[in-house]
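Derivation of every value follows stated rules applied to the coordinates shown; laboratory data play no part. Keep in mind the model is a prediction, meaning the values are calculated, not measured. Here the Cβ is made from the backbone with ideal geometry for all residues, glycine too, and neighbour counts use every protein chain on show.
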Ligand code: NAD
């Protein structure tokens, strides 16, 4: 049995990653499309065998409620549109898989969670890294203290952007700059690895003066997070740096270094540890699996078996609360405290 999905927004991610990934899914299939470009939608529908009557636009979106072939909606729109389309989708009686970042603000996330609760539908944020095998292996090694206690983590996610007219550079559609778009991977992955929630953040933010790319959104954010165990982590994100997506976890008796950590594929994990007097460094290679397919099938399993997703809406809300504190810290030039939360499993 496969869950039928409507994909909303036919941009880069939907066309290049998600629709092909459905071909590797065991419990999910694309059955409907929602787009503002009829010609593009017709072409894509033909390619993926989607019926013409299952093609909707942003005005007819709510009519999905009358389509029993669609059980779930995958929201792949600019960030500033996630809240509206999640709420309307839940009101149409569908389960919602929403791309990251969940929305623009914590308040929007709260409204999305409430709408799905009212409609008794599931809500999941598409944090694909949490469904990727190599990152999951590091999580297990960290949480089992395989190399002892974690003492420090550093993470960086950077790339270059060139088009100031793209929605990612408009505050209303993007909600922010490098931080919610790509810095979020550092933030969310560190929380995922540790299973702990930060109690304090301290941040610094910079945008090159006069650069049209950064009229509305920031270029760079660098931030520290303090965790209840005493651990401090260091992260940065940049919109004008050659692509680099990596982290390193330093534990008492070893380190785990992940290059291409947040990439769509090709994670490169190296682990170094002491064996007697010898220092050993090993490269770890796991079988390649499509992480988008794993994420989508996880949500379908939750729908079919009535389970709570591993990355529910509350997980996205927590990231947005932390990002709001990061921006506040950068603005005010001082550490900002976060409410104490008893472990990540609170969200499950
Ligand atoms: P994109 O610009 O390629 O596509 C966005 C789509 O939204 C386009 O089809 C566009 O026509 C449509 N759209 C509707 N109304 C629009 C408006 N007012 N302005 C601009 N576009 C509008 O973007 P994308 O890279 O596919 O990103 C879509 C979402 O997916 C974002 O939330 C992004 O953060 C997320 N994303 C996630 C990953 C991941 O690895 N999980 C990767 C890329 C993007």
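In the chain, helical runs assigned H by DSSP with n ≥ 4 each contribute -39500 (n - 2.57); averaged across all residues and rounded to the nearest 500, the mean residue ellipticity at 222 nm is -8500 deg cm²/dmol. Among the DSSP beta bridges whose two residues both lie in the chain, what percent are antiparallel, rounded to the nearest 5? Approximately 60 percent, going by the DSSP bridge assignments. Here the relative contact order of segment 151-240, from alpha carbon pairs under 8 Å that lie six or more residues apart, stands at 41 percent. Taking every C-alpha pair closer than 8 Å and separated by at least 6 residues, the mean separation divided by the residue count of the chain gives a relative contact order of 19 percent.
Which whole-number percent is the relative contact order of segment 3-126 (Cα, under 8 Å, 6+ apart)? Please report the intermediate quantities before stating the final value.
Details: 215 pairs, mean separation 28.7, N = 124.
Computed value for segment 3-126: 23 percent relative contact order.
Take the Cα of residue 304, step 7 Å toward its Cβ, do the same at residue 117, and the gap between the two points is 2.9 nm. Report, in degrees rounded to the nearest 10, the 0 to 90 angle that the Cα long axis of helix 82-91 makes with the longest principal axis of the chain. Compared with the principal axis, the helix lies near 50 degrees. The tail of the calculated P(r) for the chain beyond 37 Å holds 18 percent of all Cα-Cα pairs. Taking Cα atoms only, the orientation of helix 106-119 departs from the longest principal axis of the chain by about 50 degrees. Counting only alpha carbon atoms, the long axis of helix 313-332 and the longest principal axis of the chain meet at about 60°. For the peptides 272-285, 324-337, residues were scored by their other Cβ atoms within 10 Å and the scores averaged per peptide; the highest-first order is 324-337, 272-285.
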